[in-house]
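Derivation of every value follows stated rules applied to the coordinates shown; laboratory data play no part. Being a predicted model, the structure only gives us computed values, none of them experimental. Note that we place each Cβ from the backbone using ideal geometry, even for glycine, and neighbour counts take in every protein chain shown.
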Amino acid sequence: MKATRTIIILFVLLFSTMATYSQCDTYLQKANSLFAEKKYEDAKRQYSNYKECKPNAAGIDAKIAECDRLAKEIANSGTESNSNSATYRVSTSSGTQVSQPKEEKIYFNENWQGCPQYQAKYYRIVKYDTNGKPVGKIYDYYITGELQSEIDGAIYIDKINDHNSKFTGYTVGYYKNGVKSHETQRDNNGNILSSKSYDENGNLKVPRTKPAIGIGSFSGYKSNEAETNTRTAFVNDGRFIVSNVQNTYSYGANQQTSADIDYIVSGTCTLVQQARTETNYLNVPATKWTSAQSIPQTKTTQEIVNVDIIFTNIKTGQIVYTQTYNLNNLNRISGNIFPVKFSVNKVDGKEIGIVNITGGTYFIDDVFNVNEVYSNGGKSYLGKLKIGKTNDDCKITDGAKEIKKRFEAGANLVVEK
């Protein structure tokens, strides 16, 4: 058994060593290729990566020094060897050259949090001036050396959590295969002006404008019917994208879905039997052998199916809404979770006209509150209305005078549950 374990450990060490050397060789190949193209700054970075992998490699320090020398020669001649490696010089009035910005390499993990090199999935090349402020373009790379993004500039770079960094200008990102993944335009304060994303084939991704609802697992009596009715309720509501959830065993970051789901609906069905005591009589006509008679018959038990709905935020795992519905009333789910809102476009006596401003389902005879909404977000109750057969023939059931008065005064009236 000891021998077997020893052999396994040796194989693991051998595989790990081979993988490390393979990655190191990739750095060296890229460095030599960039050097041949006279892209000395980029070549220096790849030689440095190779040196970190293989500290005892012969001749690499000399290559790095040569890259430095050649890059400085080009800088002093006023030309540039590589569009990806701007050289910054500050001169006094006498023409003497002062210190250049300092270049730094920062390592990030898959969540763009600062980490040691051995944990890194990405690294960043950035230059800082003498005050420690980032200057010039910023280049992000996959740890294997492919360009991940190119950023015009930054106000601040957080080396611990890059989500707090503040960038400016134009940013373009790339997949490992070199296809553009995203592009973002920011103003001088770091505010995003525009943003686009692309798939790995280079096709533009169109942003979703509707929340995505995933239909999860339903258990219990008539669960398939409950699932179908729930799906129909959200599809007919018109405000949601509805799809099946492939894995219904966990709610949270590891949820595997057929779409980018925002919420998941699941539930349990229960059967309630309601005894009926009504007695019907079967009238049997007379025959040759019997006289006419009424035979009592008890009506069979009626079934009621209740569905306990659970509505979960898929990103946080938090339960947003729970409610029990009769199977035949599931079409009210979406309107209860995401209530419908209306604006008012007509008030004539007790007649009131409304316009649906959120989309969604609602029903004849539903009762809504009429509120006045103020510019600071506050609101006050004015009255109630009942939904009619159309949006133009709803009836005010409470507060008709106040509603008419505020409508004629130009107030912002909103109708909601």
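The table for this structure:
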{"read-out": "Segment 400-411 - phi-based ³J(HN,Hα) in whole Hz, Karplus 6.51/-1.76/1.60, Gly and Pro as x", "value": "4, 5, 5, 5, 4, 4, 6, 5, 5, 7, x, 5"}
{"read-out": "Förster radius 41 Å - calculated FRET efficiency between residue 271 and residue 397, Cβ distance, rounded to 0.05", "value": "0.65"}
{"read-out": "Calculated diffusion of segment 311-369, Stokes-Einstein form, Kirkwood radius summed over Cα pairs, 20 °C and 1.002 mPa s, µm²/s", "value": "154"}
{"read-out": "Under Karplus coefficients 6.51, -1.76 and 1.60, residue-wise ³J(HN,Hα) of segment 113-125 in Hz, glycine/proline x", "value": "10, x, 7, x, 4, 5, 9, 6, 10, 9, 9, 10, 10"}
{"read-out": "Whole-Hz couplings from phi, Karplus 6.51/-1.76/1.60, listed for segment 127-143; x for Gly and Pro", "value": "10, 10, 7, 5, 8, x, 9, x, 10, x, 6, 10, 10, 9, 10, 5, 4"}
{"read-out": "Chain lengthening between residue 57 and residue 158 when straightened (0.36 nm per residue, less Cα-Cα)", "value": "33.1 nm"}
{"read-out": "Where labels lie 7 Å past Cα in the beta-carbon direction, separation of residue 286 and residue 104 in nm", "value": "11.2"}
{"read-out": "Difference of contour (0.36 nm per residue) and Cα-Cα distance, residue 416 to residue 142", "value": "93.6 nm"}
{"read-out": "Anchor residue 350: lysines whose Cα lies under 17 Å away (excluding residues fewer than 8 positions away in-chain)", "value": "384, 386, 389, 395, 401, 404, 405"}
{"read-out": "Efficiency of FRET between residue 244 and residue 318 - r from beta-carbon atoms, R0 30 angstrom, step 0.05", "value": "0.85"}
{"read-out": "Point-to-point label distance, residue 38-residue 185, nm (Cα→Cβ direction, 7 Å offset)", "value": "3.4"}
{"read-out": "10 Å-binned pair-distance histogram of segment 339-416 (Cα, whole percent)", "value": "20, 60, 19, 0"}
{"read-out": "Centroid-to-centroid separation of segment 155-193 and segment 334-364 [C-alpha atoms, Å]", "value": "42"}
{"read-out": "Cα→Cβ-extended label distance, 7 Å offset, between residue 150 and residue 66, nm", "value": "2.7"}
{"read-out": "Neighbour net charge for residue 361 - beta-carbon separation under 12 angstrom, K R +1, D E -1", "value": "0"}
{"read-out": "Neighbour-count ranking [beta-carbon atoms within 10 angstrom, fewest first] of 163, 182", "value": "163, 182"}
{"read-out": "Fully extended contour minus Cα-Cα distance, from residue 358 to residue 199, at 0.36 nm per residue", "value": "54.2 nm"}
